[in-house]
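Values in this text are rule-based calculations from the coordinates and carry no lab data. Here the structure is a predicted model, which is why all the values come from computation and not from measurement. All Cβ positions, glycine included, derive from the backbone under ideal geometry; neighbour counts span all protein chains shown.
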Amino acid sequence: MPDHSRPIRNAAKALIIRDNHLLVIAKRDTKGMWYLLPGGGQKHGESLEQALQRECLEEIGAVVKVHNLVFVREFIGKNHLEDCIDVEWCKLVHSIDFIFACSIPDDYILANGTLPDDGQEKVEWLPIAKLHEYRVYPSTLKDLLINQNNQIYIGDVY
């Protein structure tokens, strides 16, 4: 039975684009490699910008400059059970991702940070024009970036 007392989790994510490539974290599951934006959960007393800077140091080993908010993605796991590898986790999770345009130093070299995510294998640049060839989450992000859509709230998407 879902734990309805669990709070909604805020997360800050970095949308880092350079030379028409998107910076992502690579993980692997039973279906193979999949990708997500660097970033993570906001801690109590921490601003979204502070959370994003901390998470990027941990995951990609870079100090990011946070720019404007570009997307807000809601994820209500129980609405996406058919797509979810970990169904029990999906039954419990409700999160809101605040996705910010960010930049990193020009001399950044791809590398895991000081405290990578569980299962994080590496950091990669994916070509935006070919994002449909990859499992990138949230999957709606692929169309938004390829079509240069400027809507902010992208809804409850997987």
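Overview of results
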| read-out | value |
| --- | --- |
| HN-Hα J in Hz across the stretch 130-141 - Karplus 6.51, -1.76, 1.60, θ = phi - 60°, x for Gly and Pro | 10, 4, 5, 7, 10, 8, 10, 10, x, 5, 4, 4 |
| Amide H contacts of residue 71 (H built 1.01 Å from N, under 5 Å, at least 5 apart or other chain) | 99 |
| In Å, descending, principal axis extents of the Cα set of the stretch 5-54 | 33, 31, 14 |
| Residue-averaged [θ]222 nm for the chain, counting only DSSP H segments that reach four residues, each worth -39500 (n - 2.57) | -4500 deg cm²/dmol |
| Cα-centred dipole magnitude for the chain, charges only on beta-carbon of K, R (+1) and D, E (-1), debye, nearest 20 | 140 debye |
| Ascending count of other beta-carbon atoms within 10 Å, so fewest first, for 121, 55 | 121, 55 |
| Per-bin percent of Cα-Cα distances, the chain [5 Å] | 2, 9, 18, 22, 23, 17, 7, 2, 0, 0 |
| Counted charge near residue 71, where neighbours are those whose Cβ lies closer than 9 Å (Asp, Glu -1; Lys, Arg +1) | +1 |
| Cross-link pairs beyond the 28 Å C-alpha cut-off, checked among 78/142; 31/142; 78/130; 31/65 | 78/130; 31/65 |
| Estimated vicinal HN-Hα couplings, Hz - the stretch 72-80 in sequence order (Karplus 6.51, -1.76, 1.60; Gly, Pro = x) | 10, 10, 9, 9, 10, x, 4, 7, 10 |
| Signed unit charges on C-beta, dipole axis of the chain, positive-most listed residue 37, 115, 72 | 72 |
| Anchor residue 122: aspartates and glutamates whose Cα lies under 20 Å away (excluding residues fewer than 8 positions away in-chain) | 19, 29, 55, 58, 59, 106, 107, 133 |
| Helix 48-60 vs. the chain, principal-axis angle (Cα, 0 to 90°, nearest 10) | 70 degrees |
| Length-normalised contact order for the stretch 9-156 - Cα pairs under 8 Å, 6+ apart - percent | 33 percent |
| Amide hydrogen neighbours beyond the local backbone of residue 156, cut-off 5 Å, H modeled | 74 |
